[in-house]
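**Q** I have a structure here, written as structure tokens, and I will follow up with some questions on it.
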Amino acid sequence: MPKIARSGQDWILDRFIGTLGVNALMPGFMTFMASPIVGFNNADLDYISAHTKGVVSMRETYRKVGDYRANLAKSAESDGYTVTARRHYYYASLAYGFAQYTVQEDYSPLKKALHDKCQNAFAKVIKYADYPMEKVEIPFVDEPAYEATTFPGVLHLPKGEGPFPCVIFIPGTDMHKEQVPNPEDNIFIKRGMAVLALDGPGQGESLLRMLKVRVDTWNYERAVSAAIDYLETRPEIDASRIATFGVSTGSYWSPRAAIWEARHKNRIKAAGGLAAQWEPHFVTEFEYAQPNFKSNYMYMAGEDSEEAFDSKAPLHDLRQDIGEITCPILIVQGEFDELCTPDQVEAILANAKAPHEMRIYENEFHPMGGVAVEAYELSADWLRDRLDGKPVAQKLIHRVARL
């Protein structure tokens, strides 16, 4: 794990987790995990909360849940109950995925073992899926440190005749391609849209392949363009109707990809984001939030020197470039988001020339756990409307009340 000046504060986070449970990471985090958007089993989350006393023990509790669910899945599978097996394999993949995230070390045998378990479980989800789903390899050539020539994604396809409009799902920094969309309750498939979920540079399986995110070379944005190149080869996809949708830091890469595309082939028809992380320079995430946020991003970026990393942090800034986007923009955020305030997002949107909409959910924090279903589903509806060519207001800031 990269060391930063605040690494000595990690014990504080452990004490908070030990006292308050995993929700101490962020208010609403476990509610989001339990929502149909992710689809964690509630009993598993109760076990994780009850037995987690810090970051290291969190890894172990997630692993135990993964093993438990994998054993249930294998038993159901051996009896021929593939629908039951699929659900348990999905629960297992979620648990193993979060367990491996806590290991921030290149070439770690532990991280690889946990990640392999996540991949193996999700391979069974794909095998027994009730709609077409496949793991794909997207051609992509990056700097010499990355020896492979592809990066992975999971393509979800609606049943029936295509070609279908497609949403490229961009995960956040603590997410991976197997987590969203939930194959047991896929909000995009239900609306007739295909989804390509990415492990982009610095994420999930790509991180184990040593494909790091390079903020100074636009390599995540170029990877999204490579994903569009790939989708253009698929007859099931209507390549004239492609949108991006990102969560947390993915909400930053989504419009950044639209900026990159506007400068080149301009193929993105809508750019959406949820749990906005648009704060210029990511100051709160890197300097004031829990220390593991910054150390994880440094790990994703392949930076061991905090000084070198800090010199590149100012490159995280949408203010000057957002005006280049030509497609409609959607950003969804909690009123009390602790990483980026609604005022900061509104100030950046003021520079946008494309039609844009912002939804601010009352009394919600960064995970938006209390409104996960409505926020994600309304975003999916908005994306479908844009891909169908329905007009959108030039500028709309909507504050959404909740119970």
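The values are calculated or read from the model by the stated rules, or taken from the named source; none is laboratory data. Note that this is a predicted model, so its numbers are computed, not measured. Here Cβ is always computed from backbone atoms with ideal geometry, including for glycine, and neighbour counts include all displayed protein chains.
**Q** Please state which of the following conditions residue 277 fails to meet, knowing it meets all the rest: (1) part of a helix (DSSP H, G or I); (2) crowded, with 20+ Cβ neighbours inside 10 Å; (3) of a type outside the set (Phe, Trp, Tyr); (4) touching a helix residue (DSSP H, G or I) at 6+ places or on another chain (Cβ under 8 Å).
**A** That leaves (1) as the condition not met.
**Q** Within the stretch 1-102, considering only helices (runs of 4 or more DSSP H) that don't extend past its boundaries, which have at least 2 residues that are at pLDDT 90 or above and surrounded by 15 or more Cβ atoms within 10 Å (Cβ to Cβ)?
**A** The helices (runs of 4 or more DSSP H) meeting that bar are 42-51, 55-78, 82-101.
To keep it simple, each residue is scored yes or no on (1) touching a helix residue (DSSP H, G or I) at 6+ places or on another chain (Cβ under 7 Å); (2) modelled with pLDDT of 95 or more; (3) assigned to a loop (DSSP other than H, G, I, E, B).
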site	(1), (2), (3)
207	yes, no, no
210	no, no, yes
215	yes, no, yes
240	no, yes, no
246	yes, yes, no
258	no, yes, no
272	yes, yes, no
287	no, no, no
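**Q** So which residues in the stretch 52-98 are touching a residue at least 40 places away in the same chain (Cβ under 8 Å), of a type in the set (S, T, N, Q) and out of contact with any Gly (no Cβ under 9 Å at 6 or more places or on another chain), if there are any at all?
**A** 82
Here's the yes/no breakdown for (1) touching a strand residue (DSSP E or B) at 6+ places or on another chain (Cβ under 6 Å); (2) under 24 Å from residue 33 (Cβ atoms):
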site	(1), (2)
368	yes, yes
375	yes, yes
379	yes, yes
388	no, no
394	no, no
398	yes, no
403	no, yes
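**Q** Hey, can you tell me all the residues within the stretch 290-317 that are among the small types (Gly, Ala, Ser) and surrounded by fewer than 18 Cβ atoms within 10 Å (Cβ to Cβ)? Quick ask: steps written out before the conclusion?
**A** Step one: filter the stretch 290-317 for residues among the small types (Gly, Ala, Ser), giving 295, 301-302, 305, 308, 311, 313.
Across the stretch 290-317, the qualifying residues are 305, 308, 311.
**Q** Testing residue 362 on (1) in contact (Cβ under 8 Å) with a residue 60 or more places away in the chain; (2) over 19 Å from residue 249 (Cβ atoms), one condition comes back false. Which one is that?
**A** In the conditions (1) in contact (Cβ under 8 Å) with a residue 60 or more places away in the chain; (2) over 19 Å from residue 249 (Cβ atoms), residue 362 misses (1) alone.
**Q** Could you grab me the full set of residues in the stretch 119-140 that are crowded, with 16+ Cβ neighbours inside 10 Å and in contact with a Ser or Thr (Cβ under 7 Å, 6 or more places away or on another chain)?
**A** 121, 122, 125, 128, 138, 140
**Q** Then there is this: Please return the ranges of helices (runs of 4 or more DSSP H) entirely within the stretch 294-403 where 2 or more residues are modelled with pLDDT of 95 or more. Give the derivation first.
**A** Values: elements: 306-312, 342-349, 372-387.
In the stretch 294-403, 342-349, 372-387 are the helices (runs of 4 or more DSSP H) which contain 2 or more residues that are modelled with pLDDT of 95 or more.
**Q** In addition: Scanning the stretch 160-183 for residues that are under 19 Å from residue 383 (Cα atoms) and more than 16 Å from the chain's Cα centre (by Cα), which turns out surrounded by the most Cβ atoms within 10 Å (Cβ to Cβ)?
**A** The selected residue is 166.
**Q** Can I ask one more? Going residue by residue through the stretch 37-58, is there one that turns out to be over 24 Å from residue 127 (Cα atoms) and among the charged types (D, E, K, R)?
**A** yes
**Q** Can you confirm whether residue 113 is within 22 Å of residue 59 (Cα to Cα) and touching a Gly at 6+ places or on another chain (Cβ under 6 Å)?
**A** No.
**Q** When the stretch 84-100 is examined, which residues are found to be of a type in the set (A, V, I, L, M) and over 11 Å from residue 118 (Cβ atoms)? Talk me through it step by step, then tell me what you get.
**A** Our first condition is that a residue be of a type in the set (A, V, I, L, M); within the stretch 84-100, this holds for 85, 92, 94-95, 99.
The one that is of a type in the set (A, V, I, L, M) and over 11 Å from residue 118 (Cβ atoms): 85.
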